[in-house]
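Read the structure below first, then the notes.
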Amino acid sequence: MRSLLVLILVYGSVPLALAIPHVGVLVWSWVSYMSPHRLTWGIAYSAPLLDALAGATLIGWLISKEPKKITWHPIIVLLAIYVAWYTIATIFAYNQAEAWPRWTETMKIQLFTFVSLGLMLSKNRMHALLWVIVISLGFFGMKGGLFTALSGGSQHVWGPPGSFIADNNQLALALVMTLPMMRYLQMNAPVKWISWALVGAMGLTILSIFGSQSRGALLALGCMMAFMILKSRQRGLMILFALFALAVGVSFMPDSWRNRMSTIESYEQDSSAMGRLAVWEFAWYVALERPLVGGGPDVFIHKPTVDRMRPKLVPNYVTRAPHSIWFEVLGASGFVGLFLFIAIGCTAFFSARRLEKRIGDRADLKWARDLAMMFQVSLVGYAVNGTFLNLSRFDLYYHFLVIYVIAHTLASRQLGTATKKVKILPRAAPTTPPAPTSPPVL
């Protein structure tokens with residue numbers, strides 16, 4: 001029954017995506033992030049839902065009267081160059097058998113990133129997209145938070161199977177990135193009950209992050225809170241909130257969780273941590289051999305290359321995932337690819353910081369200032385937590401970039417209109433008043 005319902009909802013929206021293509025973006029985002037088909041056991045589980053939605057949305061956009069323009073913000077320019085370089089790296093990949101399927105998957109994500117940018121260029125559409133993402137991922141945050149509270153944190157919190165966020169660490173990264181956007185929506189909620197509902201969702205999401213037992217997510221959560229405290233005008237209140245959230249989160253966790261978190265300081269004795277250092281060493285060797293294009297996608301599981309460049313940190317090293325967005329990009333597309341990837345993130349971060357300062361205390365653009373600030377917090381979470389996960393192709397990161405670029409474009413237009421110089425007409429030359437006449441003599 002659940003499988004049939006998902007099929008009806010998704011395939012039933014295909015004609016709607018053809019007629020109103022921006023609705024296709026919203027449905028595609030819901031399926032991509034919530035993966036409702038992965039929560040079923042029927043035919044919907046493996047149905048090509050995203051391909052059908054993407055095709056209908058793209059065709060609908062092409063045949064509609066919607067503008068076909070892309071906002072070429074510097075972030076988008078760098079992203080386009082990065083995608084092109086990723087293609088070049090794939091052409092020269094060591095592991096051709098695995099590289100092209102991975103390239104195809106990546107290009108689908110990037111294509112829909114640009115489609116979203118073209119179709120969602122309005123405040124209402126942008127907010128609708130953000131609400132869909134927050135609700136889709138917030139579902140797992142609230143569900144995981146309740147599960148952690150009821151189980152006492154004795155079991156890991158997992159995402160939907162067969163998705164980008166199936167693993168507990170991957171789900172934790174998605175929740176870490178989504179948490180600041182929940183805060184943005186809460187700050188700009190139209191009514192109080194929505195604001196309080198989002199406060200509850202944030203609390204459960206934080207508890208879910210604890211319940212994931214992801215050490216990288218815990219570090220990212222701490223860094224995000226520290227960053228928010230530095231930027232907040234109410235630092236005392238933020239410090240109290242951070243301490244309260246930490247105390248509540250830790251109180252729910254069992255001793256096994258505390259023992260696992262304590263290995264952050266003693267990583268030399270942790271086989272998992274040493275394995276990650278070894279694969280990072282391997283990525284470095286690949287980049288040194290081919291500094292421009294690297295080894296191509298999935299070089300990390302190409303056994304001939306691994307045997308030839310075996311890391312020294314782990315003598316019995318075997319092929320494994322890179323477990324770092326930075327080393328994943330370095331190994332796959334060389335130093336050039338890594339430079340472009342870092343440039344995208346840095347450009348986004350400092351652009352948001354500049355926009356926040358430009359807006360200042362303008363009440364009409366408070367929403368854009370708040371989004372720019374929370375976007376920076378989300379980037380901090382992605383950079384810190386992503387250091388320990390291979391999610392450089394995660395569509396959530398690129399969707400957040402698009403949402404910020406849209407907000408930046410709309411705010412800049414409004415700022416430009418307000419500061420445009422008004423043409424002042426020249427004043428007429430003053431006329432000499434007539435000389436006063438003497439009163440008549442009576």
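So here's what we get for this one:
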read-out: Lone unmet requirement of (1) farther than 29 Å from Glu105 by Cα; (2) free of Cβ contacts under 8 Å to residues at least 24 places away in the same chain; (3) not polar (S, T, N, Q) for Ile342; value: (1)
read-out: Matching residues, segment 124-164, being hydrophobic (A, V, I, L, M, F, W, C) and more than 25 Å from Trp28 (Cα to Cα); value: Leu146, Phe147, Ala149, Leu150
read-out: Neighbours by Cβ (under 8 Å, 6+ apart or cross-chain): first from segment 148-173, of a type in the set (Lys, Arg); second surrounded by 18 or more Cβ atoms within 10 Å (Cβ to Cβ) and assigned to a helix (DSSP H, G or I); value: none
read-out: Scope segment 178-231; condition of a type in the set (Ser, Thr, Tyr) and surrounded by fewer than 20 Cβ atoms within 10 Å (Cβ to Cβ); matching residues; value: Ser195
read-out: Residue count, segment 168-202 (criterion: closer than 24 Å to Tyr398 by Cβ and of a type in the set (D, E, K, R)); value: 1
read-out: Residue within segment 117-127 that is within 14 Å of His22 (Cβ to Cβ) and polar (S, T, N, Q) present; value: yes
read-out: Scan of segment 70-93 for residues that are within 19 Å of Met120 (Cβ to Cβ) and of a type in the set (Ser, Thr, Tyr), ordered by number; value: Thr71
read-out: Output for segment 12-37, where each listed residue is polar (S, T, N, Q) and more than 19 Å from the chain's Cα centre (by Cα); value: Ser13
read-out: Residue ID - nearest to Ala332 (Cα to Cα), chosen from residues in segment 90-109 that are crowded, with 18+ Cβ neighbours inside 10 Å and of a type in the set (S, T, N, Q); value: Thr90
read-out: Residue under evaluation Leu391, criteria (1) more than 25 Å from Ala189 (Cβ to Cβ); (2) assigned to a helix (DSSP H, G or I), criterion not met; value: (2)
read-out: Residue in segment 194-210 that is more than 28 Å from Leu50 (Cα to Cα), within 24 Å of the chain's Cα centre (by Cα) and at pLDDT below 85 present; value: no
read-out: Enumeration of residues in segment 143-167 that are surrounded by 20 or more Cβ atoms within 10 Å (Cβ to Cβ) and at negative phi; value: Gly144, Gly145, Thr148, Val157, Gly159, Phe164, Ile165
read-out: From Arg358, Arg310, residue being in a helix (DSSP H, G or I), assigned by TED's automatic domain parsing to the domain that holds Met228 and surrounded by fewer than 21 Cβ atoms within 10 Å (Cβ to Cβ); value: Arg358
read-out: Of residues in segment 294-322 being at pLDDT 85 or above and aliphatic (A, V, I, L, M), the one nearest to Asp167 (Cα to Cα); value: Ile301
read-out: Test: Phe147 is more than 17 Å from the chain's Cα centre (by Cα) and closer than 20 Å to Thr40 by Cβ; value: yes
read-out: Qualifying residue in segment 66-76 (condition: in contact with a Leu (Cβ under 9 Å, 6 or more places away or on another chain) and within 22 Å of Trp103 (Cα to Cα)); value: yes
read-out: Helices (runs of 4 or more DSSP H) completely within segment 119-232 that count 1 or more residues being touching a Ser or Thr at 6+ places or on another chain (Cβ under 9 Å) and among the charged types (D, E, K, R); value: 123-151, 215-231
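The values are calculated or read from the model by the stated rules, or taken from the named source; none is laboratory data. This one's a predicted model, so the numbers in the text were calculated from it and none came from an experiment. Note that we place each Cβ from the backbone using ideal geometry, even for glycine, and neighbour counts take in every protein chain shown.
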